[in-house]
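Asks: Supplied in structure tokens, the structure appears directly below.
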Ligand code: NAI
């Protein structure tokens with residue numbers, strides 16, 4: 001079992017992945033180019049775990065042991081001994097490729113390099129690497145400890161042994177691992193496109209508000225969250241980048257056309273919960289819904 005795990009990118013996803021594997025007994029190192037992001041992520045995880053103790057779900061001893069298994073790493077060189085690196089940095093192909101190229105000069109030849117990308121081609125990320133067979137997608141969902149699914153994405157040249165090791169690791173941490181081919185959006189973000197793009201069209205045509213659309217899709221088909229609530233949770237910078245990426249990868253098939261309304265919000269810095277406003281405004285973390 002992979003026991004030493006590096007996580008790069010201490011944002012919403014990186015911190016959740018760190019918490020998941022530290023809770024499952026693995027040693028975790030968390031790195032980010034912004035030192036304050038690492039500190040904030042570790043403090044965030046501590047608070048969540050302390051709440052679990054207060055609710056009786058975790059003992060004080062387990063809390064101390066879990067916290068001790070999550071360490072900051074202020075440089076990539078500190079990750080050289082890890083058996084698995086999971087990157088959860090910004091959703092940009094050039095950034096992810098450059099990161100993996102640099103990592104290959106630091107880590108052992110058999111270290112697995114996994115990407116939490118939502119929509120970029122794993123095969124393309126791997127194409128920058130000397131050993132593309134060690135690269136795979138490992139696509140978690142937000143919030144990671146609660147969303148018990150992970151897509152294990154098989155790039156064109158991924159070694160099947162790498163896929164097996166990631167599936168074993170995910171299952172050991174209590175997640176269901178779905179092995180998916182490396183197609184645009186994999187399975188979840190591909191299947192979920194229609195729901196997101198049609199909701200955006202309904203909004204653009206003035207037929208209903210985000211609150212009305214979200215409510216109808218929660219109360220009718222029974223989605224736990226509507227598409228606008230989900231976009232605000234994910235971050236519009238991420239969800240819109242996913243839209244654009246899938247659209248481009250399907251050679252601009254109009255079915256996947258991204259929304260101009262989302263593009264405008266991203267340009268204005270209205271990114272959802274993380275910026276205090278997206279489709280909803282947030283006061284003390286709570287959405288202010290208008291009908
Ligand atoms: P985020 O914006 O919350 O965090 C990204 C972090 O990466 C930031 O702290 C940033 O400082 C850091 N970073 C950027 N470039 C870096 C580099 N070269 N080296 C080290 N750190 C770097 O983003 P979030 O939401 O955590 O997403 C990260 C990745 O996970 C993206 O690829 C995204 O598509 C994917 N993802 C996001 C989901 C979501 O719901 N937000 C769901 C599933 C996947």
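None of the figures in this text is laboratory data; all of them are computed from the coordinates on show. Since the model is a prediction, treat every value here as computed from it, not as a measurement. For neighbour counting, all protein chains shown are included, and Cβ atoms are generated from backbone atoms with ideal geometry for every residue, glycine included.
Asks: Neighbouring Cβ atoms within 10 Å as the yardstick, rank 180, 158 fewest first.
Replies: 180, 158
Asks: For the chain, rounded, prolate or oblate, judged on the Cα gyration tensor with a ≥ b ≥ c (square roots of eigenvalues), a/c < 1.5 rounded, else prolate if a/b > b/c?
Replies: Oblate, because a/c is 1.5 or more while a/b does not exceed b/c.
Asks: Hey, in the GNM for the chain with a 10 angstrom Cα cutoff, which one of 222, 192, 269 fluctuates hardest?
Replies: Among 222, 192, 269, the largest mean-square fluctuation in the Gaussian network model of the chain belongs to 222.
Asks: What is the helix-to-structure angle for 12-23, meaning the angle in degrees between its Cα long axis and the longest Cα principal axis of the chain, kept from 0 to 90 and rounded to the nearest 10?
Replies: That works out to roughly 40 degrees.
Asks: A further question on this structure: Which shape class, rounded, prolate or oblate, goes with segment 1-116 when its Cα gyration tensor gives a ≥ b ≥ c as root eigenvalues, a/c under 1.5 marks rounded, and past that a/b bigger than b/c marks prolate?
Replies: Prolate is the answer for segment 1-116, as a/c is 1.5 or above and a/b outweighs b/c.
Asks: For the pair residue 179/residue 130, report the inter-label distance in nm, with labels modelled 7 Å from Cα in the Cβ direction.
Replies: 2.9 nm
Asks: Still on this model: R0 = 45 Å: FRET efficiency of residue 204 with residue 149, Cβ-based, nearest 0.05?
Replies: 0.90
Asks: For segment 1-56 and segment 91-135, what is the centre-to-centre distance using only Cα atoms, to the nearest Å?
Replies: Using only Cα atoms to place each centre, the spacing works out to 21 Å.
Asks: Run the quick spin-label model on residue 78 and residue 282: label points 7 Å from Cα toward the beta carbon, then report their separation in nm to one decimal.
Replies: Result: 2.7 nm between the two label points.
Asks: Now for a separate question. Measure nothing but the geometry: give the 0 to 90° angle between the long axis through the Cα atoms of 160-172 and the longest principal axis through the Cα atoms of the chain, rounded to 10°.
Replies: 80 degrees
Asks: So how far apart, in nm, are the two label points at residue 253 and residue 67 if each is 7 Å from Cα heading toward Cβ?
Replies: Going by the 7 Å Cα→Cβ label model, 4.9 nm.
Asks: Given the rule -39500 (n - 2.57) for each run of at least 4 DSSP H residues, summed and divided by the residues of the chain, what is its mean residue ellipticity at 222 nm, to the nearest 500 deg cm²/dmol?
Replies: -13000 deg cm²/dmol
Asks: Using only Cα atoms, tell me the angle between helix 193-204 and the longest principal axis of the chain; keep it within 0 to 90° and round to the nearest 10.
Replies: It works out to around 40 degrees.
Asks: On to the next question. Compute the separation of the alpha-carbon centres of segment 255-291 and segment 148-164 and state it in Å as a whole number.
Replies: 33 Å
Asks: Decide, for segment 204-248, between rounded, prolate and oblate: order the square roots of the alpha carbon gyration tensor eigenvalues as a ≥ b ≥ c, take rounded if a/c falls under 1.5, and otherwise choose prolate if a/b is larger than b/c, else oblate.
Replies: prolate
Asks: Want the number for residue 48 to residue 94: 0.36 nm per residue separation, take away the alpha-carbon distance, what's left?
Replies: Contour length minus Cα-Cα distance gives 13.2 nm.
Asks: Among 135-147, 228-240, how do they line up from the highest to the lowest mean number of other beta-carbon atoms within 10 Å?
Replies: Result, highest mean first: 228-240, 135-147.
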